[in-house]
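For reference, the structure discussed in these notes is given below.
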Amino acid sequence: MVTFAYLLIFTTMGILTVGLDVFVFHEGFMKCFKKIYEAEVGAGAITIVFTAIFGFVWSVIVDFRLWKNKKKGKQKILG
């Protein structure tokens with residue numbers, strides 16, 4: 001569930017960013033989408049990408065740990 005929430009927020013923020021770029025710069029959707037990933041290194045694009053990747057990996061780990069603890073709790077009840 002944490003991973004789903006992460007992907008939902010990440011996707012929503014991306015859509016809002018592209019939507020605002022289309023509105024402000026009066027360019028096409030695909031051109032604005034490509035501009036997000038063509039950011040300069042000095043703008044912190046690498047930091048943002050690695051932070052997003054780290055957040056996704058962390059959400060998967062949290063979901064796995066929650067699933068494992070839930071499974072362990074059911075075994076205690078049955079056993």
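The values are calculated or read from the model by the stated rules, or taken from the named source; none is laboratory data. Just so we're clear, the structure is a prediction, and the values are computed from it rather than from any experiment. Every residue, glycine among them, receives a Cβ derived from its backbone with ideal geometry; neighbour counts consider all protein chains shown. Protein only, heavy atoms only, side chains kept; ligands, DNA and RNA dropped before computing areas. Shrake-Rupley method; radii C 1.70, N 1.55, O 1.52, S 1.80 Å.
Entry remark, the range 18-35: residues being open to solvent by less than 60 Å² (accessible area, probe 1.4 Å) and assigned to a helix (DSSP H, G or I) number 5 in total.
Part of a helix (DSSP H, G or I), surrounded by fewer than 10 Cβ atoms within 10 Å (Cβ to Cβ) and at pLDDT below 85: does that describe Ile77? Criteria met by Ile77.
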